[in-house]
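Colleague: Pasting a structure here, questions to come.
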Amino acid sequence: MLGFAPGDSLNIPPGNQNPQINLTFVFVFSKAEGDFDGSFSLIGPQGLVGAEIPIPRAHVVPDSGFVSIFQFKPTPQIPLGRYVAKVTLNGRSYEQKLLLRADPTAPQPTTH
C-alpha cells in the first residue's frame, strides 16, 4: 500500500474524470466467533465494479477476530462519484462508503 486515506473521500486530480487507481479495502471484525462464508463487492454510480469476490471460509475462535483485505490493482476505469464497499458474511452485510471526487484544492487545468 502506498498511502492510507482514512475517512470517506478520496480527492482525484483534475482532468481524471475516469481514474484508474489502486484501491485496498480493509475490514476488521473484532467480535466474531464461528464459521463464516461470504463475499466482497464494490458498487458505484454505474452498479457493480468488476465481479463479486468470494471470501474463503473463515473459522474464528472465541475472543478473537479476523481481517479481510480486498485489493483492486488497478481498478477498471471508474467515474467519480459515491461507492460502497460491501462485505457479506453469513448473509449479513457490512459497508464502507467512499466518495471519489475532483480535488477541490488543485489548480484547474488551463486550455488555450
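Colleague: Please state which of the following conditions Pro56 fails to meet, knowing it meets all the rest: (1) touching a residue at least 12 places away in the same chain (Cβ under 8 Å); (2) surrounded by fewer than 16 Cβ atoms within 10 Å (Cβ to Cβ).
Modeller: Going through (1) touching a residue at least 12 places away in the same chain (Cβ under 8 Å); (2) surrounded by fewer than 16 Cβ atoms within 10 Å (Cβ to Cβ) one by one, Pro56 breaks only (1).
Colleague: For the stretch 37-54, which residues satisfy the criterion of being part of a strand (DSSP E or B) and either modelled with pLDDT under 90 or of a type outside the set (S, T, N, Q) (or both)?
Modeller: Asp37, Gly38, Phe40, Leu42, Ile43, Gly44, Gly47, Leu48, Ile53, Pro54
Colleague: Quick check on the stretch 42-55. Is at least one of its residues in contact with a Lys or Arg (Cβ under 9 Å, 6 or more places away or on another chain) and β-branched (Val, Ile, Thr)?
Modeller: There is at least one residue in the stretch 42-55 that is in contact with a Lys or Arg (Cβ under 9 Å, 6 or more places away or on another chain) and β-branched (Val, Ile, Thr).
Colleague: Go through the stretch 80-93 and count every residue that is in contact (Cβ under 8 Å) with a residue 40 or more places away in the chain, surrounded by 12 or more Cβ atoms within 10 Å (Cβ to Cβ) and of a type outside the set (A, V, I, L, M, F, W, C).
Modeller: Result for the stretch 80-93: 3.
Colleague: Could I ask something else about it? Within the stretch 71-100, how many residues are out of contact with any Gly (no Cβ under 7 Å at 6 or more places or on another chain), assigned to a strand (DSSP E or B) and modelled with pLDDT of 85 or more?
Modeller: Qualifying residue count for the region: 12.
Colleague: Picking from Gly15, Gly34, which residue would you name as being modelled with pLDDT under 85, farther than 19 Å from Leu98 by Cα and either within 14 Å of the chain's Cα centre (by Cα) or not β-branched (Val, Ile, Thr) (or both)? Reasoning before the result, please.
Modeller: On the way: Gly34 fails: modelled with pLDDT under 85.
None of the others qualify; the one that does is Gly15.
The values are calculated or read from the model by the stated rules, or taken from the named source; none is laboratory data. None of the values given here were measured: they were computed from a predicted structure. Positions of Cβ are backbone-derived with ideal geometry, glycine not excepted, and every protein chain shown enters the neighbour counts.
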